[in-house]
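S.K.: This is the structure, below, for whatever I ask next.
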Amino acid sequence: MGILSDVEGLRRRAQKHIESGAITDEYNADRAEVVETLNTMLATELMCVLRYKLHYYTASGISADAVKKEFLEHAQEAQQHADSIAARIVELNGKPDFNPETLTVRSLSQYTNARTLHEMIKEDLVAERIAVESYSEVVRWLGDKDVTTRKLMADILMVEEQHAADMQKLLGTLHAA
């Protein structure tokens, strides 16, 4: 018969708690704690969008054009991450926190005023390393308690690792120039 032999029971449970949306009895994580963690990651991604956009618009110098393209791409990808995280928060019956007054306090990365291209890239590399470490931690913490959120965090982690590699390569290129 297979593992899904109680189809009627499955249907009854789905109808009984319809107001819970995606949250079923099989959800094993502390939903409030997951939403709080996701809001921290949301703030971090929003901070990255702002920092990369600032760097995109203010980068100057002989190597700026190639680096600006990378800054813009990373800003767009960070925005996609923020959107995906906000959507997952809603799926978990939570409320995404976009409050700009508390953004800097909730973000794991900082917003500073780097002036040179070298400072901008270094600042972004530090932020990407923070993202890699924090997403790795969240993936481990979630384990099999919330597979969907863990997959989202792991997918974002892969992009953050690439961003860190990109920034490291740019830093090396600037040093070589």
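The values are calculated or read from the model by the stated rules, or taken from the named source; none is laboratory data. These figures come from a predicted structure and were not determined experimentally. We place every Cβ from the backbone using ideal geometry, glycine too, and count neighbours over all the protein chains shown. Areas reflect the complete protein model, heavy atoms only, side chains present, ligands, DNA and RNA absent. Shrake-Rupley method; radii C 1.70, N 1.55, O 1.52, S 1.80 Å.
S.K.: Which residues, taken from the range 98-149, are acidic (Asp, Glu) and under 21 Å from Glu161 (Cβ atoms)? Steps first, please.
M.R.: Start the filter on the range 98-149 by keeping residues that are acidic (Asp, Glu), which leaves 101, 119, 123-124, 128, 133, 137, 144, 146.
If the condition is that a residue be acidic (Asp, Glu) and under 21 Å from Glu161 (Cβ atoms), then Glu123, Asp124, Glu128, Glu133, Glu137 are the ones that fit.
S.K.: Another question, then. Quick check on my filter: what residues within the range 58-67 are at pLDDT 90 or above and open to solvent by less than 50 Å² (accessible area, probe 1.4 Å)?
M.R.: Residues satisfying the conditions are Ala59, Ala64, Val67.
S.K.: If I go through the range 60-94 residue by residue, how many of them are closer than 14 Å to Thr40 by Cα and either in contact (Cβ under 8 Å) with a residue 40 or more places away in the chain or aromatic (Phe, Trp, Tyr) (or both)?
M.R.: 8
S.K.: Give me the residue from the range 36-57 that is touching a residue at least 24 places away in the same chain (Cβ under 8 Å) and of a type outside the set (A, V, I, L, M, F, W, C) and, out of that set, surrounded by the most Cβ atoms within 10 Å (Cβ to Cβ).
M.R.: Selected residue: Glu45.
S.K.: I'd like to check something: does the range 24-41 contain any residue that is in a loop (DSSP other than H, G, I, E, B), modelled with pLDDT under 70 and farther than 30 Å from Val67 by Cα?
M.R.: So the first thing to find is which residues in the range 24-41 are in a loop (DSSP other than H, G, I, E, B), and the list is 24-30.
From what is left, the residues that are modelled with pLDDT under 70 are 24-25.
Remaining after also requiring farther than 30 Å from Val67 by Cα: 24-25.
There is at least one residue in the range 24-41 that is in a loop (DSSP other than H, G, I, E, B), modelled with pLDDT under 70 and farther than 30 Å from Val67 by Cα.
S.K.: Can you name the residue in the range 106-139 that is hydrophobic (A, V, I, L, M, F, W, C) and without any contact (Cβ under 8 Å) to a residue 40 or more places away in the chain and is also nearest to Ile62 (Cα to Cα) among such residues? Explain how you work it out, then say what you get.
M.R.: Our first condition is that a residue be hydrophobic (A, V, I, L, M, F, W, C); within the range 106-139, this holds for 108, 114, 117, 120-121, 125-127, 130-132, 138-139.
This time we only want the ones that are without any contact (Cβ under 8 Å) to a residue 40 or more places away in the chain, so: 126, 132, 139.
Values: Val126: 23, Val132: 30, Val139: 40 Å.
Among them, the one singled out is Val126.
S.K.: Okay, moving on. Can you confirm whether the range 155-163 contains a residue that is more than 22 Å from Thr44 (Cα to Cα) and either out of contact with any Lys or Arg (no Cβ under 7 Å at 6 or more places or on another chain) or touching a residue at least 12 places away in the same chain (Cβ under 8 Å) (or both)? Show your work before the answer.
M.R.: Within the range 155-163, the subset more than 22 Å from Thr44 (Cα to Cα) is none.
There is no residue in the range 155-163 that is more than 22 Å from Thr44 (Cα to Cα) and either out of contact with any Lys or Arg (no Cβ under 7 Å at 6 or more places or on another chain) or touching a residue at least 12 places away in the same chain (Cβ under 8 Å) (or both).
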